Amino acid sequence: MTDPATATATEIAAAVCAGRLTARESVDAALARIAAIGPRVNAFTDVTAERARRNADRLDAALARGEPAGPLAGVPFAVKNLIDVAGLPTRAGSLINRENPPAEQDATLVRRLEAAGAILVGALNMGEYAYDFTGENVHDGNSHNPHALGHMTGGSSGGSGAAVAAGLVPIALGSDTNGSIRVPSALCGLFGLKPTYGRLSRAGSFPFVGSLDHLGPMARGVSDLALSYDAMQGEDPDDPVQAPRPVEPVAQDLDLGTDDLRIAVAGGHFARHGDADCFAAVARVARALGAERRVEFPEAARARAAAYVISATEGASLHLERLRARPQDFDPATRDRLLAGAMIPAAWVTRAQRFRRWYREQVLALFESVDVILAPATPCRAPREGQATFVLDGATLPVRANLGVFTQPISFVGLPVAAVPVWLDDGLPLGVQVIAPPWREDLALRVARRLEREGVAKAPVAAL
Amino acid sequence: MPADPPPFDPAAYVDAAAALLGLEVRPEWREGVVANLQATAAAARLMLEFPLPDELDAAPVFRA
């Protein structure tokens, strides 16, 4: 194994399982790297060093007694700070919520990862209340892109992107309502998995838009995504929105190949609204997979619009009392949108939810003739921090709202997506969405795995 | 055919709605709030102009 501080989860777990590395050594290496490099990318808002060392020692003692090692034995991980960590206030990127009492217990997904042997080392920076595509935060400072420090990580899971790309942890959890796992995965050059809506428990996470919120992992390898995703599956009575699905593990099927899959490229909305680089990244992936067909998500622009209306309204409704009592304590970038969202007529929202039903039927029909669809993850590479506008398809548009132009119409119907990182040249990476039908995370990950094996997609640790 | 609704005036709407909802919109925030509501109205128009059957249920599933 290479340096345990920057190894993948799969490598660390194998080394711990074989007795070549202790959990304590793994955790100490991660904590040392977080201390040395973490401040440069501003990924962590809390480091749970004492807890991590305690859990590592406990795991090492259990292994010494001959107890079986879990699939993530000794793997350090961290979570976006809207996910509950016992003893920490769940700040959700906000000033207001950090005044809340500390969480009494860990979120379900944290408990499941730790039950598989992983070890939590901290909580990660994020855009306020997850209403963000940039990774910028006025309260905690921006997270910085490890591959070019003056550039955005993307958001809202910006600290998650920064932590994994900087090699501080091999796995981080993020949330994705409209693109908040896929956008930072793309801009930071990582693999990310947004599972099907309703697949993983959201219990113990601070919501943004209940109709659209998902949780999922980000990593530097497809095996790491699969191992962590498998460990997090399973019914949770504490999440009433979770769909009743059996555990459907994917890790054992990653190398089945893609010869039996009908793979197409998304046209229409997904072939406009971006710069040449993002389409070149899709073309490279399509060529590697032999995907020549084009399909169209019908009315994708309207789907994006509907997601926008639902997000603004549900988000504002969630924060209405805080907006009344303490509007000055919001991040200005979030406040304007939430105030406007609080005023949206009910008829617009109901229409958006009814449109969602219509769009779902069309998208499911699309998947009768195709198994996997490719689309860009972001319209361009990472903008500079603070950059307010960019030019896409000849139009000058606000960065903040438009980084999600390609992710929003997909999460709107809850489709599982693996974001894969593509490097066209020596510059910053781009991401491609590998989109599968509902409940077929396995297909998206099989495609991602093939791209990784063939060197088309990769997620190196940033040179810092 | 009913007449089209009057053109949407986001600034007037923000002022009226803020008062009704008890939300403070400071003068320095107003431009941003109005711009956001205008963008939302444009998004809503995309959906409102798209015909849907009356029988189509909304998407969220409540399970009793």
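Details
- Considering A:287, A:272, the condition of being loosely packed, with under 14 Cβ neighbours inside 10 Å and of a type outside the set (A, V, I, L, M) is satisfied by A:287 alone.
- Which numbered condition residue A:217 misses (of (1) surrounded by 23 or more Cβ atoms within 10 Å (Cβ to Cβ); (2) free of Cβ contacts under 8 Å to residues at least 60 places away in the same chain; (3) within 14 Å of chain B (Cβ to nearest Cβ)): (3)
- Restricting segment B:27-55 to residues that are more than 17 Å from the chain's Cα centre (by Cα) and facing another protein chain (nearest Cβ under 8 Å), the residue that is nearest to residue A:409 (Cα to Cα) is B:52.
- Checked against the criteria, residue A:10 counts as outside any loop (DSSP other than H, G, I, E, B), among the hydroxyl-bearing types (Ser, Thr, Tyr), within 18 Å of residue A:228 (Cβ to Cβ) and out of contact with any strand residue (DSSP E or B) (no Cβ under 6 Å at 6 or more places or on another chain).
- Candidates in segment A:419-464 are the residues that are small (Gly, Ala, Ser) and part of a loop (DSSP other than H, G, I, E, B); of these, the one that is surrounded by the most Cβ atoms within 10 Å (Cβ to Cβ) is A:457.
- Taken over segment A:89-132, the residue count meeting the criterion of being assigned to a loop (DSSP other than H, G, I, E, B) and β-branched (Val, Ile, Thr) is 2.
- Count of residues meeting criterion [in contact (Cβ under 8 Å) with a residue 24 or more places away in the chain and either in a loop (DSSP other than H, G, I, E, B) or of a type in the set (D, E, K, R) (or both)] in segment A:236-259: 13
- Subset of segment A:149-195 that is surrounded by fewer than 24 Cβ atoms within 10 Å (Cβ to Cβ) and touching a strand residue (DSSP E or B) at 6+ places or on another chain (Cβ under 9 Å) - its residue that is farthest from residue A:400 (Cα to Cα): A:150
- Applying the condition of being free of Cβ contacts under 8 Å to residues at least 60 places away in the same chain and in contact with a Gly (Cβ under 8 Å, 6 or more places away or on another chain) to segment A:297-316 and asking which residue is nearest to the other protein chains (Cβ to nearest Cβ) yields A:312.
This table checks each residue for (1) modelled with pLDDT of 95 or more; (2) closer than 30 Å to residue A:404 by Cβ; (3) among the small types (Gly, Ala, Ser); (4) surrounded by 24 or more Cβ atoms within 10 Å (Cβ to Cβ).
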| position | (1), (2), (3), (4) |
| --- | --- |
| A:49 | yes, no, yes, no |
| A:67 | yes, no, no, no |
| A:76 | yes, yes, no, yes |
| A:101 | yes, no, no, no |
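- Members of segment A:206-235 found to be assigned to a loop (DSSP other than H, G, I, E, B), aliphatic (A, V, I, L, M) and over 14 Å from the mean Cα position of the chain (by Cα), listed by number: A:209
- Exclusive hit being under 30 Å from residue A:463 (Cβ atoms) and touching a Pro at 6+ places or on another chain (Cβ under 9 Å), set A:37, A:83: A:37
- Taking first residues from segment A:89-110 that are without any contact (Cβ under 8 Å) to a residue 24 or more places away in the chain and partners that are of a type in the set (S, T, N, Q), the Cβ contacts under 8 Å between residues at least 6 apart in sequence or on separate chains come to A:89/A:97; A:89/A:100; A:100/A:90.
- Residue within segment A:31-46 that is over 23 Å from residue A:71 (Cα atoms), of a type outside the set (Phe, Trp, Tyr) and part of a strand (DSSP E or B) present: yes
The values are calculated or read from the model by the stated rules, or taken from the named source; none is laboratory data. From a predicted model like this one, the values you see are computed outputs, not experimental measurements. Positions of Cβ are generated from backbone atoms using ideal geometry, with glycine treated the same way; all protein chains shown enter the neighbour counts.
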